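**Q** I'd like to ask you about the structure that follows.
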Amino acid sequence: MAVNVQAYKELLLYCEKRLVTLVAVSKTKSVEEIHELYNLGHRDFAENYVQELLEKKDKLPQDIRWHFIGHLQSNKVKLIVPFVFLIHGVDSVKLLSEINKQGNRAGKIINCLLQVHISTEETKFGFDENEVNDAVSKLSEFSHLRIKGLMGMASFSNDENLVRNEFSKLKKLFDRLKNGNDFQVLSMGMSGDYNIAIDEGSNLVRIGSLIFGERNYPR
Ligand SMILES: *Cc1c(COP(=O)(O)O)cnc(C)c1O
């Protein structure tokens, strides 16, 4: 297995032209594959599992910006707080509270995104729209975290209109909340739907299989 260099370069150009941050999703991929992309100049990588992230991080250069995009359990927060660049999937006030607590202990301010449930699929994590408003209203209680924006995943569907509407819904919510909240990052779009997401206003895409090839298990 190796990085698809051609696909990566095209993707990077596409993102750069549109001022979109490209985050490479390296879950299940080897340290060697990550290093290959690093050597092309890439620095933003994302992982879904804490244990896997910890194992890889120690074997890779220190200047990698590690994004955590999985479902984070409260008891694992302290393991990533010392080094994580951005936590994308924050989906409960309980988790916010734990991140704040561990940020305080580490003497750091932790950058986070609130995950919003936008798809029709039951299984995907995230706040619904009312819960996001509630969470945002509590942010002043948390001195050791900063919400930089929102993250969402569209339905895994070939229905382009459905996917587009879901991204568009998240963009509207982002625009409504960004004033007064210093929101800057709208994380939406993966290998199968990044161009729709960017059309609809995403400024950060999380791309795995297009860069690294298919994984050995479904997403
Ligand atoms: C795995 C994953 C991705 C990347 O998926 P691809 O389809 O391989 O690009 C993006 N975001 C999240 C939250 C993921 O879990």
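**Q** Look through segment 83-124, keep the residues that are open to solvent by 20 Å² or more (accessible area, probe 1.4 Å) and in contact with a strand residue (DSSP E or B) (Cβ under 6 Å, 6 or more places away or on another chain), and return whichever of them is nearest to the ligand (Cβ to nearest atom).
**A** That would be 124.
**Q** Let me ask another. Kindly indicate which of 155, 143, 191, 187 is among the hydroxyl-bearing types (Ser, Thr, Tyr), within 24 Å of residue 121 (Cβ to Cβ) and either in a strand (DSSP E or B) or more than 14 Å from the ligand (Cβ to nearest atom) (or both). Before you say what the answer is, go through the steps one by one.
**A** Values: 155 fails: either in a strand (DSSP E or B) or more than 14 Å from the ligand (Cβ to nearest atom) (or both); 143 fails: within 24 Å of residue 121 (Cβ to Cβ); 191 fails: either in a strand (DSSP E or B) or more than 14 Å from the ligand (Cβ to nearest atom) (or both).
On inspection, the qualifying residue turns out to be 187.
**Q** A further question follows. Scan segment 17-59 for residues that are within 15 Å of the ligand (Cβ to nearest atom) and among the aliphatic types (A, V, I, L, M) and jot them down.
**A** Selection gives 20, 22, 23, 24, 25, 34, 37, 46, 50, 53.
**Q** Is there any pair with a first residue in segment 50-66 that is closer than 17 Å to residue 37 by Cα and open to solvent by 40 Å² or more (accessible area, probe 1.4 Å) and a second that is polar (S, T, N, Q) and at pLDDT 95 or above whose Cβ atoms are under 7 Å apart and which are 6 or more apart or on different chains, and what are they?
**A** Within 7 Å, no pair qualifies.
**Q** On the given criteria, is residue 163 surrounded by 20 or more Cβ atoms within 10 Å (Cβ to Cβ) and part of a helix (DSSP H, G or I)? Don't jump to the end; show me each part of the working.
**A** On the way: surrounded by 20 or more Cβ atoms within 10 Å (Cβ to Cβ): yes; part of a helix (DSSP H, G or I): yes.
Against the criterion (surrounded by 20 or more Cβ atoms within 10 Å (Cβ to Cβ) and part of a helix (DSSP H, G or I)), residue 163 qualifies.
**Q** Tell me, yes or no, whether segment 127-135 has at least one residue that is closer than 12 Å to residue 87 by Cα and either touching a residue at least 40 places away in the same chain (Cβ under 8 Å) or assigned to a loop (DSSP other than H, G, I, E, B) (or both). If you could, list the steps in order and put the result at the bottom.
**A** Within segment 127-135, the subset closer than 12 Å to residue 87 by Cα is none.
Scanning segment 127-135 turns up no residue that is closer than 12 Å to residue 87 by Cα and either touching a residue at least 40 places away in the same chain (Cβ under 8 Å) or assigned to a loop (DSSP other than H, G, I, E, B) (or both).
**Q** Yes or no: residue 201 open to solvent by less than 10 Å² (accessible area, probe 1.4 Å), away from the ligand (no atom under 13 Å from the Cβ), at positive phi and touching a residue at least 24 places away in the same chain (Cβ under 8 Å)?
**A** Values: open to solvent by less than 10 Å² (accessible area, probe 1.4 Å): no; away from the ligand (no atom under 13 Å from the Cβ): yes; at positive phi: yes; touching a residue at least 24 places away in the same chain (Cβ under 8 Å): yes.
No.
**Q** Collect the residues in segment 1-47 that are small (Gly, Ala, Ser) and touching a residue at least 24 places away in the same chain (Cβ under 8 Å), keeping them in residue-number order. Outline the logic, then answer.
**A** The initial filter retains those residues of segment 1-47 that are small (Gly, Ala, Ser), namely 2, 7, 24, 26, 30, 41, 46.
Scanning segment 1-47 gives 2, 7, 24, 26, 30, 46.
**Q** When the residues of segment 166-183 are narrowed to those that are part of a loop (DSSP other than H, G, I, E, B) and surrounded by 15 or more Cβ atoms within 10 Å (Cβ to Cβ), which ends up nearest to the ligand (Cβ to nearest atom)? Can you show your working first?
**A** At the first step, the residues of segment 166-183 found to be part of a loop (DSSP other than H, G, I, E, B) are 179-183.
Then keep just the ones that are surrounded by 15 or more Cβ atoms within 10 Å (Cβ to Cβ); that gives 181, 183.
Working: 181: 22, 183: 19 Å.
Here the answer is 183.
**Q** Residues in segment 2-49 that are open to solvent by 20 Å² or more (accessible area, probe 1.4 Å), hydrophobic (A, V, I, L, M, F, W, C) and touching a Lys or Arg at 6+ places or on another chain (Cβ under 7 Å): how many?
**A** Residues flagged as open to solvent by 20 Å² or more (accessible area, probe 1.4 Å), hydrophobic (A, V, I, L, M, F, W, C) and touching a Lys or Arg at 6+ places or on another chain (Cβ under 7 Å) within segment 2-49 amount to 1.
**Q** Okay, next question. If you take the residues of segment 162-191 that are of a type in the set (Ser, Thr, Tyr) and free of Cβ contacts under 8 Å to residues at least 60 places away in the same chain, which of them is nearest to residue 151 (Cα to Cα)?
**A** Filtering segment 162-191 for residues of a type in the set (Ser, Thr, Tyr) gives 168, 187, 191.
Then keep just the ones that are free of Cβ contacts under 8 Å to residues at least 60 places away in the same chain; that gives 168, 191.
Numbers: 168: 13, 191: 15 Å.
Once the filter is applied, the top-ranked residue is 168.
**Q** Looking at residue 116, is it under 21 Å from residue 172 (Cβ atoms) and either at pLDDT 95 or above or not in a loop (DSSP other than H, G, I, E, B) (or both)?
**A** Details: under 21 Å from residue 172 (Cβ atoms): yes; either at pLDDT 95 or above or not in a loop (DSSP other than H, G, I, E, B) (or both): yes.
Yes, satisfied.
The values are calculated or read from the model by the stated rules, or taken from the named source; none is laboratory data. Source: prediction; values computed, not measured. Ideal geometry is used to build each Cβ from the backbone, glycine not excepted, and the neighbour counts take in all protein chains shown. Ligands, DNA and RNA are stripped out before the accessible areas are found, and what is left, the full protein with its side chains, is counted by its heavy atoms. Shrake-Rupley method; radii C 1.70, N 1.55, O 1.52, S 1.80 Å.
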